[in-house]
Amino acid sequence: MVDRMDWTKLLNDGRRKSRGKAKPRKPGEQRVEHERDHDRILFSTPVRRLQDKTQVFPLEPNDSVRTRLTHSHEVANLARSIGTTLVFEHAEALGIPETLQPKRSVPALLEAIGLAHDLGNPPFGHQGEAAIQSWMLKHSTPRSPDSGSFGIFDGAGAELTKAQQLDFLKFEGNAQAFRLLTRLQVINDNFGLDMTYAFLAALMKYPVPSDKADKTSQARKKFNFFQSERDIAVEVWEETGLGEGIRHPLTFIMEACDDIAYSVVDIEDAAKKGFLSLYDLLAYLEHEAGEDELVRDLCASARERDKKYRDLSLSAGELDDISMQMLRVRAIGALVPAVTKAFVQHKDAILSGTFNNDLLAVSDGRVLWKALKEFAKAHVYRHRSVLEVELKGHQTIHALMDMFWQAIRDRSDENDLASKRPPYSQYVYNRISENYRRIAEDSDNSMPIRYRELQLITDMISGMSDSYAITLRRELERLRG
């Protein structure tokens with residue numbers, strides 16, 4: 001809990017870590033700083049990689065099915081839309097002063113964090129996170145008492161703190177996104193993409209380190225920064241008036257938009273793949289949540305439209321496709337204003353740091369949202385074809401981590417990551433992105449050597465796209481012979 005948050009600090013006038021060192025704004029530059037945040041993200045390499053990262057269906061050949069990139073654009077769009085409504089209709093109620101240019105800053109900031117929220121996710125969706133975590137757990141202890149092999153937290157790893165170990169055992173894509181934007185995307189300084197403090201604060205869904213995660217708290221269910229970026233997180237809180245475990249108010253909106261996007265459009269994508277039909281969804285909603293007025297109206301409207309479309313002599317596939325599209329439009333059209341209303345209704349708890357729930361869970365759309373999530377869990381995420389490709393992704397990540405770990409460890413000087421390696425290990429090590437290696441090898445890097453070794457692996461794996469991971473695995477295994 002904090003004193004009522006101050007929007008002046010929350011938006012922070014667009015201040016950045018490099019302020020005072022940056023070049024003066026060019027003549028004719030009219031963008032506010034949070035619009036520049038969005039544009040920096042949009043043109044960055046990690047965003048382009050999202051086009052070949054899994055949303056739900058890994059390695060999907062159908063280009064009309066969403067990738068992590070299209071999902072991120074949709075989240076950004078929904079977030080900006082809610083932000084626009086808030087500043088034009090509710091700014092006074094929320095206490096946002098006009099001097100902050102909220103009509104441009106708030107929608108732009110929400111659009112930026114919506115676009116960036118999944119940048120740290122490894123390939124193959126959440127299965128990629130699970131694969132990294134399971135590899136770390138598997139290698140955290142010796143294979144057997146007589147093997148003579150050491151676990152990653154033995155030997156040089158024994159000096160790692162509990163929090164440093166948990167950074168890897170509980171590896172988190174949200175924390176990787178924070179690291180990516182503040183540390184890894186180096187241009188010509190040490191500020192990463194040099195995002196505003198407000199952006200970095202709002203990006204943190206879980207503003208705690210790995211050892212402070214707590215599943216009973218909405219803001220602590222996971223974690224959002226590694227020990228290597230702890231100082232940056234503390235600086236962000238100081239600049240925005242926040243603190244450990246206290247979310248930026250706009251984070252709740254980004255989270256809700258993410259929930260809307262995947263709970264609605266993942267079902268639409270499954271229908272495109274032929275896993276289910278509109279009628280399967282309507283039957284489920286009417287049976288499980290038909291007493292809810294919003295659900296009842298949505299289903300009635302969908303059946304009425306479907307009946308009209310049948311008069312157009314469409315094929316069965318086209319009929320189902322257009323009917324599902326319109327259901328998606330109406331579902332999002334119901335959930336977005338529900339989130340906006342919930343944010344305004346709960347503004348006092350949100351601005352005092354005491355709100356501990358999903359906005360959707362306390363909104364008028366909660367029944368619809370929960371029903372859609374349960375339907376997707378049962379009929380989309382557990383589909384055999386999804387699980388089969390996820391397994392392939394899991395195996396690919398483990399194989400790559402094995403090869404990278406061997407190459408990182410196989411060097412002449414234990415304390416010098418850049419020291420000489422045998423030819424194959426040197427080749428594999430050099431396949432790690434140069435900027436990742438430069439940061440790990442930097443003499444000013446204060447993290448323990450074992451921490452830097454492990455972070456080289458997670459940095460590299462997280463930066464891969466699905467197809468690149470599979471291709472690289474084949475290449476390295478072929479050269480190994």
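The values are calculated or read from the model by the stated rules, or taken from the named source; none is laboratory data. Bear in mind that the values here come from a model prediction, so they are computed numbers and not experimental data. As a convention, Cβ positions derive from the backbone with ideal geometry for all residues, glycine included, and neighbour counts pool all protein chains shown. When the accessible area is computed, the model is the full protein with side chains, heavy atoms only, and any ligands, DNA or RNA have been set aside. Shrake-Rupley method; radii C 1.70, N 1.55, O 1.52, S 1.80 Å.
I'd like the distance separating the alpha-carbon centroids of segment 409-472 and segment 264-333, in whole Å. Taking the Cα centre of segment 264-333 as reference, the centre of segment 409-472 is 48 Å away. Sequence-distant contacts, meaning Cα pairs under 8 Å at least 6 residues apart, place the relative contact order of segment 160-210 at 36 percent. Taking the Cα centre of segment 210-328 as origin and assigning +1 to Lys and Arg Cβ atoms and -1 to Asp and Glu Cβ atoms, the resulting dipole is close to 220 debye. For segment 323-372, a crude dipole built from +1 on the beta carbon of Lys and Arg and -1 on the beta carbon of Asp and Glu, taken about the Cα centre, is about 180 debye to the nearest 20.
Over all other residues within a Cβ to Cβ distance under 9 Å of Gly114, the charged ones net out to -2, with Lys and Arg as +1 and Asp and Glu as -1.
Contact order for the chain, expressed relative to its length and based on alpha carbon pairs under 8 Å spaced 6+ residues apart, stands at 20 percent. Every pair of different Cα atoms in segment 82-121 enters the Kirkwood calculation, which places the hydrodynamic radius at 10.8 Å. The overall shape of segment 292-408 is oblate: from the C-alpha gyration tensor, with semi-axes ordered a ≥ b ≥ c, the ratio a/c is 1.5 or greater and a/b is no larger than b/c.
Remark: spin-label model distance Glu98-Ala349 equals 3.3 nm, labels positioned 7 Å along the Cα→Cβ axis.
Computed from the C-beta positions of Gln30 and Glu475, the FRET efficiency with R₀ = 45 Å rounds to 0.45. Of the solvent-accessible surface of the chain, computed with a 1.4 Å probe and all protein chains present, 48% belongs to carbon and sulfur. Rounded to the nearest 0.05, the FRET efficiency derived from the C-beta distance between Asp6 and His398 at R0 = 41 Å is 0.30.
In a simple Cβ point-charge model (Lys, Arg +1; Asp, Glu -1; nothing else charged), the chain has a dipole of about 760 debye relative to its Cα centre. You can think of it this way: the chain between Arg330 and Asp442 has 35.1 nm of extra reach, that is 0.36 nm per residue less the Cα-Cα gap. Using semi-axes √(5λ) of the Cα gyration tensor in Å as the read-out, say which of [x] 78, 29, 18; [y] 51, 21, 20; [z] 39, 30, 20 was calculated from these coordinates. Only one listed value fits the structure, namely [z]. Summing charges over neighbours of Ser81, with a neighbour being any other residue whose Cβ is under 13 Å away from its Cβ, gives -2 when K and R count +1 and D and E count -1. Take the Cβ atoms of Arg382 and Ser313, set R0 to 22 Å, and the FRET efficiency comes out at 0.05. Accessible area per residue for segment 363-481 is 47 Å², calculated with a 1.4 Å probe on protein heavy atoms, without ligands, DNA or RNA.
Find out how many positive minus negative residues lie around Glu92, taking Lys and Arg as positive, Asp and Glu as negative, among other residues whose Cβ is under 13 Å from that of Glu92. So the surrounding residues net to 0. Based on protein heavy atoms only, segment 69-115 ends up with 39 Å² per residue of surface accessible to a 1.4 Å probe. Ellipticity at 222 nm from helices only: DSSP H runs of n ≥ 4 in the chain, each -39500 (n - 2.57), divided by the residue count, give -18500 deg cm²/dmol.
For segment 212-258 versus segment 354-407, the inter-centroid distance based on Cα atoms is 21 Å.
When the Cα positions of Leu181, Gly353, Ala261 are compared along the charge dipole of the chain, Leu181 comes out farthest toward the positive end, with charges on each C-beta of Lys, Arg, Asp and Glu.
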